[in-house]
1. Could you please state, rounded to a whole Å, how far the C-alpha centre of the stretch 25-91 is from the C-alpha centre of the stretch 113-137?
2. Over all distinct Cα pairs, what is the inverse of the mean 1/r for the stretch 21-158, reported as the Kirkwood hydrodynamic radius in Å?
3. Binning at 10 angstrom from zero up to the longest distance, how are the C-alpha pair distances of the stretch 156-211 distributed in percent?
4. Which is farthest toward the positive dipole end of the stretch 64-165 among Pro147, Trp105, Ala89, measuring Cα position about the Cα centre, with Cβ charges +1 (Lys, Arg) and -1 (Asp, Glu)?
5. For the stretch 61-167, what relative contact order do you get, as a whole percent, if you take Cα pairs closer than 8 Å and at least 6 residues apart?
6. Quantify how much of the Cα-Cα distance distribution of the chain extends past 25 Å, in percent.
7. In percent, how large is the relative contact order of the stretch 116-195, given Cα pairs closer than 8 Å and 6 or more residues apart?
8. If you wrap a convex hull around the alpha carbons of the stretch 55-130, what volume per residue comes out, as a whole number of Å³?
Amino acid sequence: MTASASATAVPPRRGDEILSVRHVTRGFDKSQGELLVLDDVNLSLRSGEIVGLLGRSGSGKSTLLRIISGLIEPTSGEVIYQGQPLRGAARGVAMVFQTFALFPWLTVLQNVEAGLEAQGVPADERRRRALAAIDLIGLDGFENAYPREMSGGMRQRVGFARALVVNPTLLLMDEPFSALDVLTAETLRTDLLDLWTQGRMPIQSILIVTHNIEEAVFLCDRILVLSSNPGRVVAEIKVPFQHPRHRLDPAFRALVD
Ligand code: ADP
Ligand code: MG
């Protein structure tokens, strides 16, 4: 058995470190020379926590998520995922994008199944898992709809289903609610937090990029603030309370609602 196989065989316990970003630096070549976007970024995510990454536009938030998801490499530094240095895209890491990134020519079901195709999951299991993810996220009945027939909120639910279908250990979200109107964003945010607090998603940790401070306080246990030019983690805020309505046991929810 390889080291990585044994690491994934044992489910992480609450508080275990899932991810560690160590001294990550990233630059991009520009006509006027190299632009240093991320400079010595360090962070760590533990099982059981939702962490927010807050920063101005252009501070490198998306770049950092792309590095963590293995889509691009850091110029220097490293990402440790479940105790192993990250090489390319890690299996247990899924991403939700601001503009949904759905395939317009595929139905909801096909879009969600597409999340599993790269993993070589057999067709019948793909179908079963996709239907379960669709059901979980509240898209029941929309299996055969096309994205163009759906509202932004429903499209983003497809984005969530496609991420959840892979049973990710770590869910990365890049401004997942910022393309939605205020009420739709609120509903989806609340639904996500409900699924999380009720333990209905198999996710160990969530890293969410946002520039909405209220959203970060509402969702997160901890908020990291990224500076601009270059991006560095300049502050870490522990959210001293959680929104009581959503942190209550479901049995008490009925009394509060
Ligand atoms: P944020 O998500 O915080 O708004 P980004 O990570 O998208 O910021 O971008 C940070 C900076 O990096 C910007 O100045 C952007 O122009 C630059 N950048 C990002 N990706 C690339 C790329 N592939 N090539 C060149 N420059 C890039
Ligand atoms: Mg961005």
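Rule-based calculations on the coordinates, nothing more; no lab input. Values in this document were obtained by computation on a predicted structure and should not be read as measured data. Because the Cβ atoms are built from the backbone with ideal geometry, glycine has one as well, and the counts that use them run over all protein chains shown.
1. 28
2. Every distinct Cα pair counted, the radius reaches 17.4 Å.
3. 22, 61, 16
4. Looking along the dipole axis, the top candidate is Ala89.
5. 32
6. 45
7. With pairs under 8 Å counted, the relative contact order is 29 percent.
8. Cα convex hull per residue, to the nearest whole number: 132 Å³.
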